[in-house]
Amino acid sequence: MQHSKNDLWVGLFVLLGGAALVFLALQSANLLQLNFRPGYVITARFDNIGGLKPKAAVRSAGVVVGRVQAIGFDDKTFQARVALEIDKRYLFPKDSSLKILTSGLLGDQYIGIEAGADEHNLADGDTVTATQSAVVLENLIGQFLYGKAEDSAAGAGGKK
């Protein structure tokens, strides 16, 4: 059986293509992050983070400015503690606020930053206190149904 140089090149090309597909799959699922830029880490506390996951995007004005580094639970305040790694080239005022938002109706959740107006910027290790928790769809539906039930009970009690 003879092997030619073409067999070697075809094999390498197939391996390279397979590696590229694996890389794209991991990148699109947010399971792989190649970021060689240094960043600074800030912490935020939320009452409810919904379905936020580590490595979720941190965006400001629609631009990805960082990633969620870690999520934990503070058993003293009973709040979720979220560590965010922000790219060094993006500086935000200390009075900036953070919201957990959803991309699309049932899409992934991410953190949105609304810049404040303070003269001093956030630095490594700072904690952001102005936060807005995630809107949980189940809670909204429950409130809507409870409100409708209350309205119908009030309507039935008023008519005799």
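For every residue, the table says whether it meets (1) hydroxyl-bearing (Ser, Thr, Tyr); (2) part of a helix (DSSP H, G or I); (3) modelled with pLDDT of 85 or more.
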| residue | (1), (2), (3) |
| --- | --- |
| His3 | no, no, no |
| Leu8 | no, yes, yes |
| Ala20 | no, yes, yes |
| Asn30 | no, no, no |
| Leu34 | no, no, no |
| Ala44 | no, no, yes |
Cβ-Cβ under 7 Å, sequence separation 6+ or interchain: first residue in the range 66-86 and under 19 Å from Gln132 (Cβ atoms) and open to solvent by 60 Å² or more (accessible area, probe 1.4 Å), partner hydroxyl-bearing (Ser, Thr, Tyr) and in a strand (DSSP E or B). Which pairs? Arg81/Thr43
Pairing a residue in the range 111-125 that is in a loop (DSSP other than H, G, I, E, B) with any residue that is surrounded by fewer than 12 Cβ atoms within 10 Å (Cβ to Cβ), where Cβ atoms lie under 9 Å and the two sit 6 or more apart in sequence or on different chains, gives Ala115/Ala61
The lone exception for Leu105 - which of (1) assigned to a loop (DSSP other than H, G, I, E, B); (2) at pLDDT 90 or above it fails: (2)
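The values are calculated or read from the model by the stated rules, or taken from the named source; none is laboratory data. Values in this document were obtained by computation on a predicted structure and should not be read as measured data. Here Cβ is always computed from backbone atoms with ideal geometry, including for glycine, and neighbour counts include all displayed protein chains. Ligands, DNA and RNA are stripped out before the accessible areas are found, and what is left, the full protein with its side chains, is counted by its heavy atoms. Shrake-Rupley method; radii C 1.70, N 1.55, O 1.52, S 1.80 Å.
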